Amino acid sequence: MRVVSLLPSATEIVVALGALDQLAGVTHACDYPPQVARLPHLTSTGIDGTVAPDAIDRDVRDASERGAPLYTVNETLLASLRPDVIVTQALCDVCAVRETDVRAIAARLTPAPAIVTLSGTSIGGICADIERVAAAIDAADEAQEIVAGLRARLRSVHDRLRAARAPRPRVAVLEWTDPVYTAGHWVPEMVHRAGGQDVLATPGSHSRAIKVSDVAAAEPEVLVFAPCGYGLERAAREAEDVLRRDEWRWARARAVWAIDANALASRPGPRIVDGVETLARVLHPGLFGSPAGDRAVPVSAVPVSSPNEP
């Protein structure tokens, strides 16, 4: 079985299923686990991800207005790999190659590979996607074990919160900072499962642009910066830059954290549960301990208030 992954979360799923040796090619953004770096990179993008958030947003909007794809697939290289399965997504044209483009390319290959499309917008949907990939690569038993393990870890967090009758702090998770975007899809559910109350979004909703004044009006006790596509260091740097702006001065009196969005929030794969556990540590350190320093860092010195915790 030869598998091509056209999004990072799919790569993580395939590897988690024990099928690293079946991966024939991945995207330029696939970086976890580190072993995938040696595989052929099948995609590229004209968007410069190193510039400021507002410039990235302008470039993305300009490409969208022109109807231009954000990602280019090396079709010649893809054809040479002769994949049996291509894993793609139908969730976000900004995050990965468009599903319609993938299907058009696949139709030109001989023999035509099977297409597995990931589209989960909830943790349950992500688990279903893991099972969907597993069915395509004959790894159903592995999927059953993985999903059972993820659900057990979520239950453990839930049980500890329930036993402590932990309060739910008001939480705002930001997926982008300029312009400001809420974090949607599975992230509000992550906040809820971690013992918080998302004050900007509802589970399953799309991320959306809002004003800074809207964030302030929601009166969050905790701000979590999780810019899509950013690792921890860059997320923290962006949060620090934001707090220096006058329109964000109100936020300096709140608990502010930055998390590794790539690892914990942006990619709908098994590490989403790592994200729930990390948020639980951010929101309820008295119950769970402090988060690992390579997953989340405080940007302000204001503690999260947890009066009912030991």
Notebook entry, point to check: What's log10 of I(q)/I(0) for the stretch 132-275 at q = 0.16 Å⁻¹, Debye sum over Cα points only, no solvent?
Noted result: -0.87
Checklist line | Antiparallel content of DSSP bridges confined to the stretch 163-298, in %, to 5 | finding: 45
Margin query: Output needed: percent of Cα pairs per 20 Å distance bin for the chain, bins running from 0 to the one holding the longest distance.
Written below: 33, 56, 11, 0
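Nearest 500 deg cm²/dmol is fine: what mean residue ellipticity at 222 nm does the chain get from its DSSP H runs of n ≥ 4 alone, each adding -39,500 (n - 2.57), divided by its residue count?
Counting only the DSSP helices, I get -11500 deg cm²/dmol.
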Next item on the list: Rounded to the nearest 0.05, what FRET efficiency do LEU109 and THR50 give with R0 = 45 Å and r taken as the Cβ-Cβ distance? Could you check?
Entry: 0.85
Note to self: Defining a contact as two alpha carbons under 8 Å apart and six or more residues distant in sequence, what relative contact order in percent does the stretch 3-119 show?
What the structure shows: 26
Check: Roughly how many debye, to the nearest 20, is the charge dipole of the stretch 112-231 about its Cα centre, given +1 on each Lys and Arg Cβ, -1 on each Asp and Glu Cβ, and no other charges?
Finding: 520
Note to self: Looking only at Cβ-Cβ distances, which cysteines of the chain have no other cysteine closer than 4.7 Å?
What the structure shows: CYS30, CYS127, CYS228
Next item on the list: Find out how many positive minus negative residues lie around GLY204, taking Lys and Arg as positive, Asp and Glu as negative, among other residues whose Cβ is under 12 Å from that of GLY204.
Entry: -2
Note to self: Just want the answer: with Cβ charges of +1 for Lys and Arg and -1 for Asp and Glu, which residue in TRP186, ALA235, TRP176 is farthest toward the dipole's positive end in the stretch 163-298?
What the structure shows: TRP186
Note to self: Below 8 Å between Cα atoms, with a sequence gap of 6+, how large is the relative contact order for the chain in percent?
What the structure shows: 15
Item checked: Rg/Rh for the stretch 3-119, where both radii come from Cα atoms and Rh is the Kirkwood radius -> 0.97
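Read-outs: derived from the displayed coordinates by stated rules, not from any lab. Note that the structure is a prediction, hence the values are computed from the model and not measured. No Cβ is skipped: glycine too gets one built from the backbone with ideal geometry, and neighbour counts run over all protein chains shown.
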